[in-house]
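*Asks:* Before anything else, here's the structure in question.
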Amino acid sequence: VTAEVMQRGDDEAAFAARLAAMLRRPDRPTALIASNTLVGLWMIRTLQKLNLAWPQDVSLLAFEHPDWADIVQPALSVVEHPTAEMAALAWEMLERRMQDAAAPARRIQLQAKVIQRQSMGSCPTDLARDISMQHANVEAT
């Protein structure tokens, strides 16, 4: 399994052209992950223009939770962040830093929540078989 990152840029048409080229390759991705709401929207528009269906042709998952995620069909799966908790902790840490600039840095890890809807499908059979074979080869070595 490989991952590929594609930069959004500021131009939707250029983004759509890059995404369309990626989706026309023989080794096209089986899933797309949008880093934010705007990227998710641009991905959906591009899929519609290409007459590709999610999750039949490609699975979709978006970070953030746009208001329209459950309105599009099929509904968009999302990673929901604890935004209110993040904001409260950021404010608390800022206040602490303002009171004591020498205070040690803190690492805080919050739990995100995956809301799985209809935009995510199962891995295509041939890809699942290839992954299984790669895994078997790794274990055998």
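*Asks:* Just to be sure before I move on: is residue 75 in a loop (DSSP other than H, G, I, E, B) and either within 24 Å of the chain's Cα centre (by Cα) or at pLDDT 90 or above (or both) in the structure I sent? Before you say what the answer is, go through the steps one by one.
*Replies:* On the way: in a loop (DSSP other than H, G, I, E, B): yes; either within 24 Å of the chain's Cα centre (by Cα) or at pLDDT 90 or above (or both): yes.
Answer is yes for this residue.
*Asks:* Scan the stretch 81-112 residue by residue and report those that are under 19 Å from residue 64 (Cβ atoms) and surrounded by fewer than 10 Cβ atoms within 10 Å (Cβ to Cβ).
*Replies:* 84, 109, 111
*Asks:* Can you give me the number of residues within the stretch 1-19 that are at pLDDT 90 or above and touching a helix residue (DSSP H, G or I) at 6+ places or on another chain (Cβ under 6 Å)?
*Replies:* Here the count works out to 4.
*Asks:* Tally time: how many residues in the stretch 44-54 are under 10 Å from residue 76 (Cα atoms) and in a loop (DSSP other than H, G, I, E, B)?
*Replies:* 1
*Asks:* For the stretch 43-56, enumerate the residues that are open to solvent by 10 Å² or more (accessible area, probe 1.4 Å), over 13 Å from the mean Cα position of the chain (by Cα) and in contact (Cβ under 8 Å) with a residue 24 or more places away in the chain.
*Replies:* 45, 49, 50, 52, 54, 55, 56
*Asks:* Another question, then. Report yes if some residue within the stretch 19-28 is part of a helix (DSSP H, G or I) and open to solvent by 40 Å² or more (accessible area, probe 1.4 Å); otherwise report no. Write out each step before concluding.
*Replies:* Looking only at the stretch 19-28, we keep the residues that are part of a helix (DSSP H, G or I), and these are 19-24.
Applying the additional criterion that residues be open to solvent by 40 Å² or more (accessible area, probe 1.4 Å) yields 21, 24.
For the stretch 19-28, residues part of a helix (DSSP H, G or I) and open to solvent by 40 Å² or more (accessible area, probe 1.4 Å): present.
*Asks:* Return the pair list, or none, for Cβ contacts closer than 8 Å from residues in the stretch 9-38 that are closer than 13 Å to residue 61 by Cα to residues that are among the small types (Gly, Ala, Ser) and not in a helix (DSSP H, G or I), at least 6 apart or on different chains.
*Replies:* Close Cβ pairs (under 8 Å, with a partner that is among the small types (Gly, Ala, Ser) and not in a helix (DSSP H, G or I)) amount to 30/59; 31/59; 32/59; 33/62; 34/62; 36/62; 37/62.
*Asks:* Across the stretch 66-76, what is the total count of residues that are open to solvent by 70 Å² or more (accessible area, probe 1.4 Å) and not aliphatic (A, V, I, L, M)? Before the answer, list the steps.
*Replies:* Taking the stretch 66-76 as the starting set, the residues that turn out to be open to solvent by 70 Å² or more (accessible area, probe 1.4 Å) are 67, 70-71, 73.
Among the residues that remain, those that are also not aliphatic (A, V, I, L, M) are: 67, 70, 73.
Number of matching residues: 3.
The values are calculated or read from the model by the stated rules, or taken from the named source; none is laboratory data. All of these numbers come straight from a predicted model, not from anything done at the bench. Backbone-built Cβ (ideal geometry, glycine too); neighbour counts: all protein chains shown. The protein model used for the area step is the full one, side chains on, heavy atoms only, and it has no ligands, DNA or RNA in it. Shrake-Rupley method; radii C 1.70, N 1.55, O 1.52, S 1.80 Å.
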